[in-house]
Amino acid sequence: MKRNICVFLVALFVLIVGCDQTPPYVMLDSGLKYRLLDDKGADKPRMGDVMFMDMAHYLGDSLIFQTEEGGFFINPNIGAPPEIREVLNLTGEGDSLQIEMSLGDYARFTGLPISPRMDTTQSVTWNIRVTEIENESTVIERNRLAQAKTDKELIEAFIVNNNLEASSTEEGLYYVTLESGNGVFPKDGDEVFLKYSMSLLDGTLIDTSSEVIARENDLFNPNRIYGPRSFVLGDREILRGWNIGMPKFSKGAKGTLLIPSDLAYGTSGFGSQIGPNTVIVFDVELVDIK
């Protein structure tokens, strides 16, 4: 009977051990530990690639950071600390992995502020699933095309909702002529003088050259000189949308420019009111050309 119990316990132990397929951690020279939980055998990132991943960081059992699904990406050869880069370059698309480090190293890698009273030897675990690896230039172009499509849909909806008759350029800018000018159109190198108001598609006024409009919308700045603004057409220091759109109006004309985000403030936005990838509306009057 005792022999049967011993045999049973040994078999149970073997079964439990056999079922635990979690690989052990591998220690790097840096002191960082990692393990691949699911190795799909896919190609590893090359120079110029970016990695998209789902990621969660745990201090013990407490979640301290989590990405939006599929929303985090990094170029491991540029944007990651050397220790993290070494691990990421060992993983391929579809792989799942864990990285373990001390809280002190975690603070060093991420810039997380920690209290002097905290135990920096505590372990932080990163759970990572690599969802995609792609060349960075391909990703940039893919995102640009997707944003251009979104901007086009937003602008065309604005045109329909406001009963506007608009024309478009090959760059994706739309323009509306409200009043025709004298037929003299500006060209690169000309200095143009214009009155303008800048707003968002929802009507939020951001800026204006008109003191009257500024006062009416609680935007008046007593330290500013109001009146027509001038710039040299073709100047790379101004919005691309102005360089593309203003030649569509002759001297004295009034109209509206609907500028897609990549011809305005792009992925960076501007200030607190213009977020990334924002379409800008300019109501303009071309006062003079010199």
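The values are calculated or read from the model by the stated rules, or taken from the named source; none is laboratory data. Fair warning: this is a prediction, and the values are worked out from it, not measured in the lab. Counting neighbours? That spans all protein chains shown, and the Cβs are built from the backbone with ideal geometry, glycine included.
Overview of values
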item: Qualifying residue in the stretch 196-213 (condition: β-branched (Val, Ile, Thr), more than 32 Å from the chain's Cα centre (by Cα), assigned by TED's automatic domain parsing to the domain that holds residue 285 and assigned to a strand (DSSP E or B)); result: no
item: Pairs where the first residue, in the stretch 209-231, is free of Cβ contacts under 8 Å to residues at least 24 places away in the same chain and over 19 Å from residue 285 (Cα atoms) and the second is assigned to a helix (DSSP H, G or I) and β-branched (Val, Ile, Thr), C-beta under 9 Å, 6+ apart; result: 219/213
item: Residues satisfying the stated conditions in the stretch 150-185, i.e. in a helix (DSSP H, G or I) and surrounded by 12 or more Cβ atoms within 10 Å (Cβ to Cβ); result: 150, 151, 152, 154, 155, 156, 158, 159
item: Number of the condition not met by residue 86 [criteria: (1) more than 26 Å from the chain's Cα centre (by Cα); (2) touching a residue at least 40 places away in the same chain (Cβ under 8 Å)]; result: (1)
item: Residues that are assigned to a strand (DSSP E or B), touching an Asp or Glu at 6+ places or on another chain (Cβ under 9 Å) and over 23 Å from residue 140 (Cβ atoms), drawn from the stretch 49-87; result: 66
item: Single residue of 266, 241, 252 found to be more than 31 Å from the chain's Cα centre (by Cα) and either buried (at least 16 other Cβ atoms within 10 Å of the Cβ) or assigned to a loop (DSSP other than H, G, I, E, B) (or both); result: 252
item: Which numbered condition residue 110 misses (of (1) over 30 Å from residue 167 (Cα atoms); (2) not assigned by TED's automatic domain parsing to the domain that holds residue 37); result: (2)
item: Subset of the stretch 214-237 (residues that are part of a strand (DSSP E or B) and in contact with a Leu (Cβ under 7 Å, 6 or more places away or on another chain)); result: 229
item: Selection count, the stretch 113-142, where residues are touching a residue at least 12 places away in the same chain (Cβ under 8 Å) and not hydrophobic (A, V, I, L, M, F, W, C); result: 14
item: Odd one out for residue 90 among (1) within 29 Å of residue 268 (Cα to Cα); (2) outside any helix (DSSP H, G or I); result: (1)
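Residues are listed down the side, and each one gets a yes or a no for (1) modelled with pLDDT under 50; (2) surrounded by 10 or more Cβ atoms within 10 Å (Cβ to Cβ):
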| site | (1), (2) |
| --- | --- |
| 2 | yes, no |
| 11 | yes, yes |
| 17 | yes, no |
| 23 | no, yes |
| 32 | no, yes |
| 35 | no, yes |
| 40 | no, yes |
| 48 | no, yes |
| 51 | no, yes |
